[in-house]
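Asks: First the structure, then my questions, so here it is.
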Amino acid sequence: MTFDILNDKQVVAIVGNQFGDEGKGKFVDIFAEWANVIVRGTGGANAGHTIRLPDRRYALHLIPSGILYDGVGRINVIGSGVAFDPVVARRELQELAAAGISTSKLRIAYNAKLVLPQHLVMDRVGDGLGAAKRIGTTGRGIGPTYCDHYDRVGLITNDLLNPTLFRRKLEKNLEKKVALLRQFERDDVEKVMATLMDNGEPLRQFYCPDRIFDVDTITDYYTKVGQQLCDYLCDADAFVRTAVAQGQRVLLEGSQALLLSVDFGTYPYVTSTDCSVHGLAMGAGLRQGDIELTFGVTKAFYMSRVGGGPFPTEIGGTQSADWCSRPNLTQIAEQERFPDVTVNHEDAFHQGIAIRRAGVEYGTTTGRPRRVGWLDLPLLRFAARIHGPQVILSKVDVLNACDTIKICTSYRYHGPDFRFGREYLSRAERYDVAEPRDEILQHCQPVYEELPGWRCELTGCSEYRDLPAQLRTCIDFVEQRAGVKVAMISTGPERQQTITK
Ligand code: IMP
């Protein structure tokens, strides 16, 4: 596929404009054809990209999805900003090799932040046993890994290659954690240690009753994994900068999304990295000014969120949030409990379930049902301030059967009087641009406008003018009311189900 919009561009970023799972992977995969180098700069195995190629569906967590594009000579880079779980990486590399996909062009930053068993344990203990108000993390050790980095006790990928150094740094790293874990009931810690790692092995193998973590076993296990990854390690920052200096085309692949960014998102209900385009540039070894074009992928005309946190347009409100937070709730269990829901259901909670089902909104990483809500323009306006106006609308086909499309155009604040800098937020005040802070957003009630749905399949549409008039009206509405420019529209999971506007 060719895209005029990429003409004369050299460094392009694809990022999420909402709460993640906007379908960025499909566009990274499509633009991979254009790029010489594809870089992931943030996040870790908490991300999940599902890409459907003609032969099969691939779910990747850590390896950049550009790896699936079979062009010769295209380099995929895991940048220094990534929280790198070597065990997940090894497993994905093995799976790709088994599927006949070459990984010889993969590069991994020697200084990516290393995710180790203690990070998985701290994440699962910290957001489970100890937490009063759960963030609902993916349990992939992301928060504790970045904490260690800023606490100056983190390990990096290169440490995997040097057992003595690894062991020394590991011991230092474990000091505070062991002290903290001793405050929990031993049984509880053991239960967490019995949970699985991503390769299906229990963390228990790294447990030792007196010191909690068995330093020798961890060192031995991880440095062996390191030997298998050794050939991929390099100075990724320098590699990417050189590629840019040489005039190569570089595609930056965002993970998570703006509203989950620790710096721009709905704090504290965020991930622990800046997954905006700023963090992405830095984690890829570049400056934000190097990026010539940023696409903010935006689900339309609904959105989704996994885990806790404010979500003003959630369909079914707190009932939906509570339902989705049930432990071990799966797609199958939900289907059995609510077999007959439709996307036009009068009751919002049931309508939300039907939209989740139509959009297959169940986590790639965790299998959890994602909370779904209507498209929120105050949040999109905020996203456009950070990511710029270029937007890709994804998954528009999910609402094909909807009679009415509801779009949130502003909020009314219904919380207690709240001092915000020099201003006061007071009851019933109206807001057009969201301030994504939990203490504000949780009290914002959406004001909707309703537009008629298009109520047909989009299978025959290959050009913008082929799209039903009602759908084009919805797109115009979003462009005008949010001040964005829709560059592309995704009408289905396949590569060719993509329309340029
Ligand atoms: P963590 O990144 O595992 O620490 O989780 C922090 C928050 O970010 C939780 O609410 C997660 O559900 C959310 N999160 C992390 N990664 C993703 C993602 O790839 N898609 C959607 N939500 C995510």
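The values are calculated or read from the model by the stated rules, or taken from the named source; none is laboratory data. Fair warning: this is a prediction, and the values are worked out from it, not measured in the lab. Note: ideal-geometry Cβ built from the backbone for every residue, glycine included; neighbour counts use all protein chains shown.
Yes/no matrix, rows are residues, columns are (1) of a type outside the set (A, V, I, L, M, F, W, C); (2) within 16 Å of the ligand (Cβ to nearest atom); (3) over 21 Å from V391 (Cα atoms); (4) without any contact (Cβ under 8 Å) to a residue 24 or more places away in the chain:
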{"residue": "F239", "(1), (2), (3), (4)": "no, no, yes, no"}
{"residue": "G247", "(1), (2), (3), (4)": "yes, no, yes, no"}
{"residue": "V250", "(1), (2), (3), (4)": "no, no, no, no"}
{"residue": "Q256", "(1), (2), (3), (4)": "yes, yes, no, no"}
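Asks: Which of the numbered conditions does A98 fail, given that it passes all the others? Conditions: (1) free of Cβ contacts under 8 Å to residues at least 40 places away in the same chain; (2) closer than 19 Å to G367 by Cα; (3) of a type in the set (A, V, I, L, M, F, W, C).
Replies: It fails just one condition, (2).
Asks: Name the pairs: first residue in region 135-150 and part of a loop (DSSP other than H, G, I, E, B), second residue more than 9 Å from the ligand (Cβ to nearest atom) and not hydrophobic (A, V, I, L, M, F, W, C), Cβ to Cβ under 6 Å, at least 6 apart or on different chains?
Replies: Sorted first by the residue in region 135-150, then by its partner, the pairs are G139/R124; G141/H119.
Here's the yes/no breakdown for (1) modelled with pLDDT of 95 or more; (2) more than 24 Å from T342 (Cβ to Cβ); (3) loosely packed, with under 15 Cβ neighbours inside 10 Å; (4) in contact with a helix residue (DSSP H, G or I) (Cβ under 7 Å, 6 or more places away or on another chain):
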| site | (1), (2), (3), (4) |
| --- | --- |
| G453 | yes, no, no, yes |
| R472 | yes, yes, no, no |
| V484 | yes, yes, no, yes |
| I499 | yes, yes, no, yes |
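Asks: Got a sec? Which strands (runs of 3 or more DSSP E) wholly within region 1-70 have at least 1 residues that are within 18 Å of V306 (Cβ to Cβ) and among the β-branched types (V, I, T)? Steps first, please.
Replies: Values: elements: 11-16, 37-40, 49-52, 57-60.
Once the strands (runs of 3 or more DSSP E) in region 1-70 are filtered for at least 1 residues that are within 18 Å of V306 (Cβ to Cβ) and among the β-branched types (V, I, T), what remains is 11-16, 49-52.
Asks: Hey, another quick one. Looking at (1) without any contact (Cβ under 8 Å) to a residue 12 or more places away in the chain; (2) closer than 19 Å to V215 by Cβ, which one does M193 not meet, given that it meets all the others?
Replies: The single condition M193 does not satisfy is (1).
Asks: Does region 274-290 hold any residues that are closer than 11 Å to V39 by Cα and buried (at least 24 other Cβ atoms within 10 Å of the Cβ), and which are they?
Replies: L280, A281, G283, A284, G285
Asks: Next question, about the same structure. State yes or no: is G154 out of contact with any Leu (no Cβ under 6 Å at 6 or more places or on another chain) and surrounded by 19 or more Cβ atoms within 10 Å (Cβ to Cβ)? Walk me through it before giving the result.
Replies: Details: out of contact with any Leu (no Cβ under 6 Å at 6 or more places or on another chain): yes; surrounded by 19 or more Cβ atoms within 10 Å (Cβ to Cβ): yes.
So G154 fits the description; yes.
Asks: When N76 is evaluated against the numbered criteria (1) farther than 20 Å from D231 by Cβ; (2) touching a helix residue (DSSP H, G or I) at 6+ places or on another chain (Cβ under 6 Å); (3) crowded, with 23+ Cβ neighbours inside 10 Å, which criterion, by number, is the only one it fails?
Replies: (1)
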